[in-house]
Structure formats: C-alpha cells, structure tokens
Amino acid sequence: MKPANYAAKAILEKYTPSLQGEYSAFAPANIALCKYWGKRDVALNLPVNDSLSVSLKNKGTHTTLKTLPATATDSVILNDLPITPDSPAYQKIVTHIDLFRTVFGPQPFAVKTTNTVPTAAGVASSASGFAALTTALTGIYSLPLTAQELSVLARLGSGSACRSVFNGFVRWYQGSAVDGSDSYAALLPQQWSTLRIGLLTLTHQQKNISSREGMLRTTETSHLYRQWSVQAAEDILQLEQAISQQDFELLGRTAEHNAMSMHATMLSAWPPLCYWISDSIAVLHQVWSLRKEGLDIYVTMDAGPNIKLLFEQQDEKKIRRFFPSAEICCLF
Ligand code: 2P0
C-alpha cells in the first residue's frame with residue numbers, strides 16, 4: 001500500500017460509511033500570504049514550513065459525485081468536458097477517490113467538477129479541486145469527519161488543498177509526525193471585510209514547470225533555500241499580528257516580501273527557475289512606483305507570471321483606474 005493510502009486509512013477506518021446516491025460540494029481557491037514552497041515528504045505532500053492563506057470566498061470548484069453500478073468505470077467531466085482515463089487529471093482524481101475505496105471497497109463514481117476560479121489568472125485550481133473532491137467524498141459516504149481530518153485528506157491530493165477546506169484566513173501547520181497526521185490547516189477566527197485581492201492576468205499560457213517539480217528543484221539545488229524556512233516562520237508571526245490588528249501595511253509588506261523571497265529561492269536553483277515574464281516585472285515596477293506616491297498597494301505571486309494585488313476597499317476606484325483588467329475579489 002502507498003504511504004498516502006496508509007495515511008488515509010488511519011482516518012477513514014474509524015468511521016462506518018453510509019453511501020448516498022449523489023453529493024455536491026464547493027471549496028474556495030486560496031491565495032497564500034506566506035507560501036508553501038518545499039516538501040519534506042513528497043508522497044504525503046508534507047511541507048518544510050507553515051503557510052498562511054486567505055480564501056477567495058465564492059471563487060473555487062464545484063464538484064458533484066454520483067454512484068455508478070458496480071460494473072461501470074469512473075467517469076470524469078472537467079469544466080463541462082469529459083476527460084479520458086489516460087489524462088493526468090483523470091488519474092489524479094481517481095487516485096484520490098481510491099484513498100476512500102481502499103478502505104470502503106470498490107465503488108465506481110461519476111465525477112463532475114467545474115471551476116469558477118479564474119485558472120488563467122494563475123490561481124491554483126488543484127487546491128479548490130481536491131478540497132471540493134474530498135468534501136464531496138466525505139459527504140457521499142456520510143462520514144462525520146472533523147475539520148482537521150478533512151484537511152489532512154485534502155492535503156494528500158494536493159498540498160495547498162488542505163487550506164481550501166475553509167473560507168477566510170487559514171494557517172497550515174507543517175507538523176512533525178512522519179505519517180503527516182499533524183500536518184493540517186485550521187481557520188483563524190478573524191475576518192477583514194475591507195481587504196481585497198485583484199487578480200491580474202498577464203498571460204493565458206500554461207506554465208511548463210509544475211509547482212511540484214519547481215519545489216523539488218529548489219529544495220535540492222538552491223543555497224538560499226536554507227534561509228527560506230527561517231523567514232517563513234517569522235513571516236507567519238508578522239501576518240498573524242497584522243490580521244489580528246487589521247494592520248494593512250504590515251500584512252501587505254510581509255506578504256510581498258515573502259513572495260519575492262520565494263521567487264529568489266527559485267532563481268537561485270539550478271537550472272534557474274523563473275516563472276516571471278517581462279510584463280510581470282513591468283507591473284512590479286508600476287506597483288512600487290504607485291506605492292512610493294502614497295498608494296497602499298502590495299503584490300503577491302505564485303508559481304507563475306501573473307500578479308495578485310493586495311489593497312483595501314477605500315482604494316478600489318484607484319486600483320480599477322490603474323489596473324482596469326484586474327478581477328477584484330471580496331474575501332469576507
Ligand atoms: C502556495 N504554491 O502556498 C504555493 C506558492 C505555489 C506557490 O501551493 O505538489 O499545487 O500538489 O502539493 O499545492 C502550489 O502547490 O503542490 C502551491 P502539490 P500545490 O500556494
């Protein structure tokens with residue numbers, strides 16, 4: 001049995017399932033303010049550092065599961081298109097469902113999953129996708145899982161999915177157990193109604209190096225990476241303070257510094273890893289110059305060239321003027 005199946009079994013075998021005919025679930029996408037970058041265990045998606053995110057409320061993934069007769073094979077419809085068993089997306093979804101079937105026995109499913117998250121804007125749909133799939137599986141088997149158990153199971157599909165089982169500010173505790181049982185996300189109690197994220201799509205091109213591969217290359221070859229977990233630990237504390245005091249300057253500064261530092265570890269990998277395009281750099285300079293002129297705006301970036309603007313409601317009009325193509329998200 002694979003390590004992920006062992007980890008899932010430890011949770012699922014505590015429960016007696018009662019299979020429903022159909023179940024639908026939604027999970028939001030999330031944007032990390034302190035990033036998950038680097039795994040200490042690749043098979044279990046166990047991170048090197050804690051991370052902290054904010055969810056995109058109603059932007060994410062809707063997933064519906066239906067039971068099929070015992071002789072059927074799994075079917076998957078992704079964004080209204082059927083996908084075939086030889087596609088990587090089909091295999092990842094089926095592998096995740098198998099975590100449950102290893103414990104509860106064979107049962108084919110029809111999966112329909114639709115993203116409302118703007119994937120072209122570089123917002124990871126795997127986080128909301130695996131969080132929605134895990135929630136739907138938990139629902140169709142009628143399992144009264146704790147939020148912590150749900151988060152652990154979602155993490156086995158995609159690391160950042162463990163943060164997408166909640167809406168709001170979320171902290172993923174890296175944990176130290178070898179089986180990953182203490183590596184889960186939890187909701188922070190604070191809300192921040194005036195906080196906004198602007199999604200700025202600079203290119204629709206798919207990245208050719210996955211986060212998984214990028215993390216591996218960085219942890220194996222970057223000397224700067226040794227410093228990463230030290231900074232991430234400090235940034236988490238700063239972000240928690242910023243959130244509890246609603247100190248936007250501290251939140252923005254810490255999130256931007258964290259994102260730039262993550263990209264610095266990538267640049268110092270070998271071969272160098274650079275997700276940015278020239279437009280990304282142009283927007284960074286524009287943001288820095290607007291900030292110098294007094295506008296409270298910060299950025300964060302993930303494993304891609306697109307930019308997420310951080311600002312508050314009071315500056316929304318100005319942001320719309322300077323960045324007319326930005327898709328503005330209310331978070332609370
Ligand atoms: C994050 N990223 O914290 C960071 C910042 C990308 C850059 O989580 O291999 O898709 O499935 O565990 O979760 C993207 O990584 O990677 C990610 P896997 P995942 O949002």
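Readers should treat all values here as calculations from the given coordinates under stated rules, not as data from a laboratory. Since we're looking at a predicted model, the values are computed, not measured. Here the Cβ positions follow ideal geometry from the backbone for every residue, glycine too, while neighbour counts run over all protein chains shown.
Counting only aspartates and glutamates at least 8 places from K9 when in the same chain, those with an alpha carbon closer than 12 Å to its own are D98, E149, D179.
Evaluate the charge dipole of segment 177-298 about its Cα centre and quote only its size in Debye, nearest 20, assuming +1 on the Cβ of each Lys and Arg and -1 on the Cβ of each Asp and Glu.
Taking the Cα centre of segment 177-298 as origin, the dipole is about 360 debye.
In the chain, the longest principal axis of the Cα atoms and the axis of helix 3-12 are about 70 degrees apart. DSSP finds beta bridges in the chain, and of those with both partners inside it, around 90 percent are antiparallel. Relative contact order of the chain: 21 percent, from C-alpha pairs under 8 Å at least 6 residues apart in sequence.
If only the Cβ of Lys and Arg carry +1 and only the Cβ of Asp and Glu carry -1, the dipole of the chain around its Cα centre is close to 280 debye. Cross-link partners for K2 among the lysines, with Cα-Cα distance under 24 Å and sequence neighbours closer than 8 places in the same chain left out: K14, K39, K92. Between the alpha-carbon centres of segment 12-77 and segment 122-165 there is a gap of 3 Å.
Based on the convex hull around the alpha carbon atoms, the chain presents an average projected area of 16.5 nm². For the Cα atoms of the chain, what angle does the longest principal axis make with the long axis of helix 125-140, in degrees from 0 to 90, nearest 10? It is inclined by approximately 30 degrees. So what's the gap between the Cα centers of segment 266-332 and segment 173-234, to the nearest angstrom? The two parts, judged by their Cα centres, are 17 Å apart. Among C162, C34, C274, the order by Cβ neighbours within 10 angstrom, fewest to most, reads C274, C34, C162. Taking the charge dipole of the chain about its Cα centre, with +1 at Lys and Arg Cβ atoms and -1 at Asp and Glu Cβ atoms, the residue from S51, T221, S244 reaching farthest to the positive side is T221.
Between 0 and 90 degrees, rounded to the nearest ten: what's the tilt of helix 147-157 against the longest Cα principal axis of the chain? Rounded to the nearest ten degrees, it is 90.
Taking all Cα pairs closer than 8 Å and separated by 6 or more residues, the relative contact order of segment 1-56 comes to 33 percent.
Of the residues Q148, A232, A161, the one whose Cα sits farthest toward the positive end of the charge dipole of segment 145-233, with +1 on the Cβ of Lys and Arg and -1 on the Cβ of Asp and Glu, is A232.
Summary of packing: across the peptides 123-131, 202-210, the per-residue average of other C-beta atoms within 10 Å ranks them, highest first, as 123-131, 202-210.
How about segment 23-110: which chymotrypsin sites (Phe, Trp or Tyr not before Pro) there are in a DSSP loop, with at most 14 other Cβ atoms within 10 Å of their Cβ?
Values: sites: Y23, F26, Y36, W37, Y90, F100, F104, F109; in loops: Y36, W37.
Passing sites in segment 23-110 do not exist.
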